[in-house]
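Shown next, in structure tokens, is the structure this report addresses.
The values are calculated or read from the model by the stated rules, or taken from the named source; none is laboratory data. As the structure is a prediction and not an experimental result, all values here were calculated from the model. When we count neighbours, we look across all protein chains shown, and the Cβ atoms used for this are built from the backbone with ideal geometry, even at glycine. Calculation scope for accessible area: heavy atoms of the full protein, side chains included, ligands and nucleic acids excluded. Shrake-Rupley method; radii C 1.70, N 1.55, O 1.52, S 1.80 Å.
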Amino acid sequence: MGYDTVYSAGAGLDDDVIQRLRSIIPDGVSTREADRVVYGKDYWPISLRWLLDGRLPALPDAVIWPETAEQIAGVMRLANTHGFPVIPYGEGSGVVGGTVPVKGGVMLDMRRMHDILFVDDQGLMARVQTGVNGMTLERELNRAGYTLGHIPQSLYCSSLGGWLACRAAGQFSTKYGKIEDMLIALEAVLPDGTIIRSREVPRTSTGPRVERLMLGSEGTLGVVTEATLKIWPYPERRALHAYTFDDIADALEATRHIMRKNVYPAVMRIYDEHETLRHFDMKHRCMLILIMEGDPDLVDLEEAIAARMCTRFNGKDMGTAPAERWLDTRFNVKESSEFTPRGFIFDTVEISVGWRTALETYRAVIEAMQRIPGVIVASGHASHFYPQGVCFYFTFGGLPRKQTPYDFYRAVWDAIMAACLEHEGSISHHHGIGLIRQPWLPDELDGRLHMLHRIKQALDPNRVMNPGKMGGDHD
Ligand SMILES: Cc1cc2nc3c(=O)[nH]c(=O)nc-3n(C[C@H](O)[C@H](O)[C@H](O)COP(=O)(O)OP(=O)(O)OC[C@H]3O[C@@H](n4cnc5c(N)ncnc54)[C@H](O)[C@@H]3O)c2cc1C
């Protein structure tokens with residue numbers, strides 16, 4: 001696949017199919033060119049590049065805005081009869097090309113299904129429609145005295161459905177977990193129009209939890225319409241801390257030992273020396289940001305243990321100012337939005353790795369990026385932590401020399417993916433596969449890719465759901 005390809009000018013849906021769609025969703029079908037252009041891309045930098053180069057990205061035939069699971073079921077039945085693609089769409093903040101309609105078809109925008117249906121204080125859970133915007137959900141929960149604890153950097157521009165479909169991770173995930181840890185139950189429409197619902201219970205032993213296939217399915221196995229999520233009482237106290245280290249190795253050891261103590265700060269982030277200079281204006285240091293929150297007694301204890309571990313690995317206490325700065329600027333995406341239109345090729349890549357090879361992997365990826373001619377920025381931070389390992393989030397940027405922007409971009413991705421796989425990492429921690437990661441999927445999944453394709457074949461034999469994704473088309 002060449003990234004300079006413009007994929008599709010639509011699947012060629014005829015007027016009869018559009019009329020049938022209108023009879024299912026009377027006020028929610030558009031074939032206007034302006035809508036089709038807007039929904040032909042997501043936040044994948046390459047789809048933005050297409051637009052900047054004056055070329056239209058892939059075009060869907062129509063955009064629909066359903067209001068009920070039953071309407072979606074009707075659309076899926078129609079899609080199977082007439083053989084057109086359906087691509088679920090949350091807010092289009094995905095950064096890997098997951099919603100790009102590579103074969104045209106119908107973009108199914110979930111935004112009208114945005115209600116918080118039920119909050120169970122006793123059982124600490126909330127049932128929510130998946131088209132809800134992330135910030136709206138968190139604000140509503142905060143008003144009622146709770147938090148979900150899922151705060152991705154894209155909080156303002158992403159939806160619950162997108163989080164589930166991409167296995168998203170928020171900045172406060174070390175304490176509250178990733179989206180899959182928060183999920184209690186869901187409702188989904190399968191590719192053939194069947195509606196499934198699971199029970200709002202903390203655990204089951206009634207066979208594999210097949211509904212969980214929706215997690216990370218990126219719109220290829222069904223449309224998630226409702227989710228019941230764990231919620232928590234709004235934290236009574238929040239403590240901010242920051243430490244700097246001479247070397248990222250010491251900072252990683254401090255955080256690994258915090259985790260070994262079974263202490264889970266809400267936020268832990270280690271910025272390497274390049275990013276510490278960029279974000280905190282401090283040379284030759286690695287910044288660790290720590291935020292603990294919850295019951296005051298618990299926070300006191302976590303602060304004391306974390307301080308002990310940081311001191312043990314030569315961390316220097318920087319007070320609260322860097323963490324305050326981090327909180328104030330955490331939704332800022334100034335760099336990518338300013339530089340991309342000027343021809344600077346820029347992207348971020350997140351991977352996960354066990355502690356055994358963590359430090360080596362970080363170093364190997366940085367070196368691999370720096371080796372590509374034209375790379376100006378090559379940096380990373382550790383953004384999510386486990387007792388077993390860590391997520392590294394790398395940033396690269398540069399100006400291609402003799403290559404096209406697309407070849408330059410692909411060369412840097414190739415280098416990062418190769419270094420990650422060589423060190424036994426996973427090529428994605430939370431952004432997903434979309435279009436960008438397809439080339440390396442067989443290397444990571446091996447026989448599991450075949451298993452996934454068989455599941456896809458069983459659930460979606462006509463391949464109407466988001467075709468061309470999750471390992472591409474296959475026999
Ligand atoms: C500035 C910025 C910061 C970001 N920060 C983070 C971060 O901190 N953590 C993180 O995890 N990600 C982050 N992302 C990536 C992105 O926000 C996430 O991948 C998010 O989960 C996508 O949500 P969305 O609603 O925009 O989904 P979309 O982009 O609309 O869709 C993404 C995929 O999910 C599928 N999908 C959407 N809704 C449904 C549904 N209801 N049922 C089935 N499939 C569905 C789509 O078909 C597509 O394959 C960031 C992105 C940006 C631009």
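When you scan the range 405-453, how many residues do you find that are assigned to a helix (DSSP H, G or I) and open to solvent by less than 40 Å² (accessible area, probe 1.4 Å)?
Narrowing the range 405-453 to residues assigned to a helix (DSSP H, G or I): 405-422, 438-445, 447-453.
Then drop every residue that is not open to solvent by less than 40 Å² (accessible area, probe 1.4 Å), which leaves 406, 408-409, 411-413, 415-417, 419-420, 438, 440-441, 445, 449, 453.
Number of matching residues: 17.
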Hey, can you tell me all the residues within the range 312-346 that are modelled with pLDDT of 95 or more and more than 18 Å from Ile151 (Cβ to Cβ)? Arg312, Phe313, Asn314, Gly315, Lys316, Asp317, Met318, Gly319, Thr320, Ala321, Pro322
Contact list, first residue from the range 75-97 and without any contact (Cβ under 8 Å) to a residue 24 or more places away in the chain and not assigned by TED's automatic domain parsing to the domain that holds Ala169, second anywhere and surrounded by fewer than 24 Cβ atoms within 10 Å (Cβ to Cβ) and of a type outside the set (Ser, Thr, Tyr), beta-carbon distance below 8 Å, six or more apart or interchain, is none
With the condition kept exactly as written, say whether any residue in the range 190-202 is within 9 Å of the ligand (Cβ to nearest atom) and either of a type in the set (Asp, Glu) or more than 23 Å from Arg77 (Cα to Cα) (or both). no
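Okay, residues lined up against (1) closer than 25 Å to Arg32 by Cα; (2) among the small types (Gly, Ala, Ser):
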{"position": "Thr99", "(1), (2)": "yes, no"}
{"position": "Lys103", "(1), (2)": "yes, no"}
{"position": "Val106", "(1), (2)": "yes, no"}
{"position": "Arg112", "(1), (2)": "yes, no"}
{"position": "Leu117", "(1), (2)": "no, no"}
{"position": "Arg127", "(1), (2)": "no, no"}
{"position": "Gly134", "(1), (2)": "no, yes"}
{"position": "Glu138", "(1), (2)": "no, no"}
{"position": "Tyr146", "(1), (2)": "no, no"}
Is at least one residue of the range 289-301 open to solvent by 10 Å² or more (accessible area, probe 1.4 Å), farther than 20 Å from Pro233 by Cα and either within 28 Å of the chain's Cα centre (by Cα) or at pLDDT 95 or above (or both)? no
Could you pull out the residue among Arg238, Arg212, Arg199 that is surrounded by fewer than 18 Cβ atoms within 10 Å (Cβ to Cβ) and assigned to a loop (DSSP other than H, G, I, E, B)? Arg199
Against the condition under 19 Å from Gln171 (Cβ atoms), within 16 Å of the ligand (Cβ to nearest atom), open to solvent by less than 30 Å² (accessible area, probe 1.4 Å) and under 20 Å from the mean Cα position of the chain (by Cα), how does Val333 come out, does it pass? no
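From the list Thr276, Thr220, Thr204, which residue is out of contact with any helix residue (DSSP H, G or I) (no Cβ under 8 Å at 6 or more places or on another chain) and buried (at least 16 other Cβ atoms within 10 Å of the Cβ)? Reasoning before the result, please.
On the way: Thr220 fails: out of contact with any helix residue (DSSP H, G or I) (no Cβ under 8 Å at 6 or more places or on another chain); Thr204 fails: buried (at least 16 other Cβ atoms within 10 Å of the Cβ).
Result of the check over Thr276, Thr220, Thr204: Thr276.
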Can you name the strands (runs of 3 or more DSSP E) wholly within the range 76-122 that have at least 1 residues being open to solvent by less than 20 Å² (accessible area, probe 1.4 Å) and within 9 Å of the ligand (Cβ to nearest atom)? 86-89, 106-109
